[in-house]
Amino acid sequence: MNTPGVVTIVALSVLVLIQVALVVRILLRPHREPASRIAWVVIVIVLPVAGILAYLLFGEVNIGRQRVERMRSVLAGMPKLSDVPGADAAELKPEVPERHTHLFRVGQSIGGFEPTGGNGARLLADSDATIDAMVADIDGARDHVHLLFYIWLPDNNGCKIVSALMRAAARGVTCRAMADDLGSRAMIRSEHWRVMETAGVRLARALPIGNPLLRPLVGRIDLRNHRKIVVIDDWITYCGSQNCADPAFLVKAKYAPWVDAMMRFEGPIARQNQHLFAADWMAHVDDDIDALLRAPLPIRPLGQSGAENDRTGTPAQVVGTGPTLHYSAMPELFESLIYSARRELIVTTPYYVPDEPIQAALCASARRGTKTAVVFPARNDSWIVAAASRSYYGDLLAAGVRIFEYVGGLLHTKSLTLDGEVTLIGSANMDRRSFELNYENNILFYDPALTAEVRQRQQSYIAQAVEVQREQVLSWNWRRRLWNNTVAMFGPVL
């Protein structure tokens, strides 16, 4: 008997059984779009070995059973914000026109937070001004500072925050700082991290990787905490796209400057960001901070920190999303906002790899007469995303959507303004990673005056952009179109 032949037959049989098992798993797995199922089935069948490995590494949205159980346990034990003393105060009742209340109901269905009034807010001038404002607020902190970043670099701005935290800890302020284990690995491995810990700053790594060879056996490495949260004394908070780094962004300096937008809020909205931070913190650290969440909501005059430009009375709502939370949360919110626009819709995002409903929503927005514009970076730090994004240009332009490519650096701002009245700003991109894989935080607010400032910032991006014309896209040669469409075809599995 030919032993090598038998071994080959057995190996092929095992491979086929694994393929069949994975195909069944793909077809049975919940929350899969048909396009995603088809793409994975094709990959597993056409590329038997590589396809099986790819699915085992990237096919499941899984951060590990123990992590999921701990996160759910923490969330179950946290108090509801509506039960906190002072939550029903008249000063906190938001004044949102009826035409927009459904948007905040969508937000509440995702994260459980009701919109709250009594907030002040302002848009920071640029990345350096944002860091300087954070440092000033940390230096003025009296009780606690909570900070979470996806990317925290040991550069000039990153070290400014390090020094501010150490100063605060030295005067008795409780400082908790968390950074994503992958995105902030340069800071975590640096001497600054150890010096902070020695100085009394409580530190944690979000979604620690451990052994990178063993991690894929219990959960995906690329499911990350992409949030950017700062909460100071339960009253001041920040939200936007900026990581804790210089605009030069040395890890990807050739795309610099990175252009971000960050907003500083005062008021009860800080408690909602506090909930997000606490959930992430307690899921990783044995440090129960529920007492902060059960304390009466602070109600005090706005602008106490010297922020003269803070606007008052802004109804706002935190929307936190993630792979272990409400499925399809970000697409639902984006689609609701897009379909609600009647006069104007402006979107900025560095990464555009939409699902079909969002692409259709943008096209429908323009077709019904809404002035619809999207702004992307001309040079993207991800060649995959750049190619996939441009595969959607033709249909968007045909529908009447105006597309602008920003040439002043890597436009990293994630913002959406609706009819000059409503704004969504935060960490979430319009791509499948933000939809399904990353933990994100955004703030939705109604304020025509403040939205006008955000819209002005968006217009400044457009002023530094080149508008993409339909004729230009139609003139792309077949090789470019083939490349863009081929990359986009794998969007459902990215």
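Across the stretch 326-332, computed HN-Hα scalar couplings (Karplus, 6.51 cos²θ - 1.76 cosθ + 1.60, θ = phi - 60°) run 4, 5, 6, 4, 5, x, 4 Hz from first to last residue, x flagging Gly and Pro.
Extension gain for the segment ALA256 to ALA50, taken as residue separation times 0.36 nm less the Cα-Cα distance, is 70.7 nm to one decimal.
Tell me, in nm to one decimal, what length is gained between ALA452 and ARG167 on full extension, where the rule is 0.36 nm per residue of separation less the Cα-Cα distance?
Values: separation 285, 0.36 × 285 = 102.60 nm, distance 3.66 nm.
Full extension from ALA452 to ARG167 adds 98.9 nm.
Sequence-distant contacts, meaning Cα pairs under 8 Å at least 6 residues apart, place the relative contact order of the stretch 220-260 at 26 percent. Against the criterion of solvent-accessible heavy-atom surface with a 1.4 angstrom probe, ARG171, ARG264, ARG105, ARG367 sort, most first, into ARG367, ARG105, ARG171, ARG264. Taking label points 7 Å from Cα along the Cα-to-Cβ direction, ARG470 and HIS102 give a separation of 2.9 nm. Taking the Cα atoms only, what angle lies between the long axis of helix 127-139 and the longest principal axis of the chain, rounded to 10 degrees? Helix 127-139 sits roughly 50 degrees off the main axis of the chain. The angle between the Cα long axis of helix 98-111 and the main principal axis of the chain comes to about 70°, on a 0 to 90 degree scale. Residues MET71, MET196, ordered by accessible area of protein heavy atoms at a 1.4 angstrom probe radius and largest first, appear as MET71, MET196. Given R₀ = 22 Å, FRET efficiency for LEU75-ASP287 by Cβ-Cβ distance, to 0.05? The calculated FRET efficiency here is 0.85. Give the aspartates and glutamates reachable from LYS252 as a straight Cα distance under 17 Å; neighbours fewer than 8 places away on the same chain don't count. Output for LYS252: ASP155, ASP260, ASP381.
For the chain, what is the relative contact order in percent, using Cα pairs closer than 8 Å and at least 6 residues apart in sequence? Walk me through the numbers on the way to the answer.
Numbers: 952 pairs, mean separation 88.7, N = 494.
Worked out over the chain, it gives 18 percent.
Couplings for the stretch 416-423, taken from phi via the Karplus curve 6.51 cos²θ - 1.76 cosθ + 1.60 with θ = phi - 60°, read 9, 10, 10, 6, x, 10, 10, 10 Hz in order; Gly and Pro are left as x. Every helix of 4 or more DSSP H residues in the chain counts as -39500 (n - 2.57), and over all residues that averages to -13000 deg cm²/dmol at 222 nm. Model label points for LEU28 and LEU203, set 7 angstrom from Cα along the Cα-to-Cβ axis, are 4.4 nm apart.
Placing a label point 7 Å from the Cα of LEU57 along the Cα-to-Cβ line, the residues of the stretch 216-247 whose backbone N sits under 12 Å from it are 216-217, 221-222. Basic side chains Lys and Arg get +1 at the Cβ, acidic Asp and Glu get -1 at the Cβ, and with that the dipole of the stretch 114-254 about its Cα centre reaches some 520 debye. Placing R0 at 45 angstrom, the Cβ-Cβ distance between ARG189 and VAL6 gives a FRET efficiency of 0.35 after rounding to 0.05.
For a test of the definition: using alpha carbon positions, the gyration tensor, and the 1.5 limit on a/c, classify the stretch 364-427 as rounded, prolate or oblate.
Details: a/c = 2.27, a/b = 1.22, b/c = 1.85.
Here the stretch 364-427 falls in the oblate category.
The DSSP beta bridges internal to the chain are antiparallel in roughly 60% of cases.
Quick one: what do you get for the chain if you divide its Cα Rg by 2.2 N^0.38 Å?
Numbers: Rg = 23.3 Å, N = 494, 2.2 N^0.38 = 23.2 Å.
Relative to the 2.2 N^0.38 Å estimate, the chain comes out at 1.00.
Note on LYS93: aspartates and glutamates with a C-alpha under 14 Å away, same-chain residues under 8 apart excluded, are GLU114. Here the label points at VAL84 and ARG294, each 7 Å from Cα along the C-beta direction, are separated by 1.4 nm in the simple model. In the chain, the longest principal axis of the Cα atoms and the axis of helix 269-282 are about 50 degrees apart. Rounded to the nearest Hz, the phi-derived 3J(HN,Hα) couplings of the stretch 174-184 under the Karplus curve 6.51 cos²θ - 1.76 cosθ + 1.60 (θ = phi - 60°) are 6, 10, 10, 10, 10, 9, 5, 5, 8, x, 10, where x marks glycine and proline.
The values are calculated or read from the model by the stated rules, or taken from the named source; none is laboratory data. It should be emphasised that the depicted structure is a prediction, and the values quoted were computed from it without experimental measurement. Backbone-built Cβ (ideal geometry, glycine too); neighbour counts: all protein chains shown. Each accessible area value is taken on the protein alone, full model and side chains, heavy atoms only, with ligands, DNA and RNA left out. Shrake-Rupley method; radii C 1.70, N 1.55, O 1.52, S 1.80 Å.
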